[in-house]
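Asks: Below is one structure. I have some questions about it.
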Amino acid sequence: MEFSSKYLERAIEEISLLPGIGKRTALRLALHLLKQPQSQTTDLATSLVDLKTKVKQCKNCHNISDQDVCGICKNQSRDHSIICVVEDIRDVMAIENTEQYKGIYHVLGGKISPMDGVGPQQLNIETLVAKIKEGDVNEVIFALSSTMEGDTTNFYIYKQIQNSKYALKTSTIARGISIGDELEYADEITLGRSILQRVPFENSLKN
Ligand SMILES: [Zn+2]
């Protein structure tokens, strides 16, 4: 494509780096922005810079937060002895939406997937194991998607914590949805119920 403006070309270049956005869509978006009032484009640009520079990771659970510790971890009315292990922050949002869970979370940041070059070291597993070994945790709920990678990750963590000398309960969420469905897409009622009706992790190993 030939452009009459290098600024337009640059904007299209940047926008088209976003997932799912081709050059044509990028052109449409850039021309749209060009037509908007100055303030709107400035607000968009500022929000993107803030997103990248101000958003932090909770140092306790790796959830996204504007503070060092997220609101869920800070909330003393939640049960800090129950940790729900999830793949990413979208799962935290999905489970929070159900309003059925009152424990805290641990966000792994992915699943073990040798095919994609993701090993345990690339995930927030060490901090989870360390937290459990401190001894204040009574239950760990595995809430990863029931894919092969999810199962592998659950089992890896289970092996790490199973021999801890504390009476630790491990469970998986009982899922009313078919294998391979991502947690994020489960409807709220099904997901809420599946957390309340969680099953001992050992049971899932027999299947
Ligand atoms: Zn947190």
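Asks: Which shape class applies to region 74-206: rounded if a/c is under 1.5, otherwise prolate when a/b exceeds b/c and oblate if not, where a ≥ b ≥ c are the square roots of the Cα gyration tensor eigenvalues? Don't jump to the answer; show the numbers that get you there.
Replies: Details: a/c = 1.37, a/b = 1.04, b/c = 1.32.
Rounded.
Asks: Next question. With N residues in region 1-144, what two-decimal value do you get for its Cα radius of gyration over 2.2 N^0.38 Å? Spell out each step's value before the answer.
Replies: Details: Rg = 20.5 Å, N = 144, 2.2 N^0.38 = 14.5 Å.
Rg over 2.2 N^0.38 Å, computed on Cα atoms: 1.41.
Asks: Further, regarding this structure: Report the Cα-based extents of region 1-82 along its three principal axes, largest first, to the nearest Å.
Replies: 60, 26, 16
Asks: Here's a follow-up. Taking neighbour Cβ counts within 10 Å as the exposure measure, how do Tyr105, Tyr7 sort from fewest upward? Don't jump to the answer; show the numbers that get you there.
Replies: Numbers: Tyr105 27, Tyr7 10.
Lowest to highest Cβ neighbour count: Tyr7, Tyr105.
Asks: Based on DSSP H assignment, which helices of the chain show an axial Cα extent of at least 24 Å together with a mean Kyte-Doolittle hydropathy greater than or equal to 0.5? Write out the running numbers ahead of the final one.
Replies: Numbers: long enough: none.
Membrane-span-like by this criterion, though nothing is claimed about a membrane: none.
Asks: Excluding same-chain residues fewer than 8 positions from Lys111, which lysines have a Cα within less than 16 Å of its Cα?
Replies: Lys159
Asks: What does DSSP give for the chain in terms of the percent of beta bridges that are antiparallel, rounded to the nearest 5? Provide the component values of the computation, followed by the final result.
Replies: Details: 5 of 18 bridges.
Given both bridge residues lie in the chain, the antiparallel proportion sits at roughly 30 percent.
Asks: Please give the per residue volume of the convex hull enclosing the alpha carbon atoms of region 6-54, rounded to a whole number of Å³.
Replies: Values: hull volume 3.8 nm³, N = 49.
Hull volume normalised by residue count: 77 Å³.
Asks: Within the P(r) computed for region 91-131, what percentage of the Cα pairs occupies the region above 15 Å?
Replies: Values: 427 of 820 pairs.
Within region 91-131, distances greater than 15 Å cover 52 percent of Cα pairs.
No lab work stands behind these numbers, since they all come straight from the coordinates. What you see is a predicted model, and the numbers here were worked out from it, not measured in a lab. Heads up, the Cβs are rebuilt from the backbone with ideal geometry, glycines too, and the neighbour counts pull from every protein chain shown.
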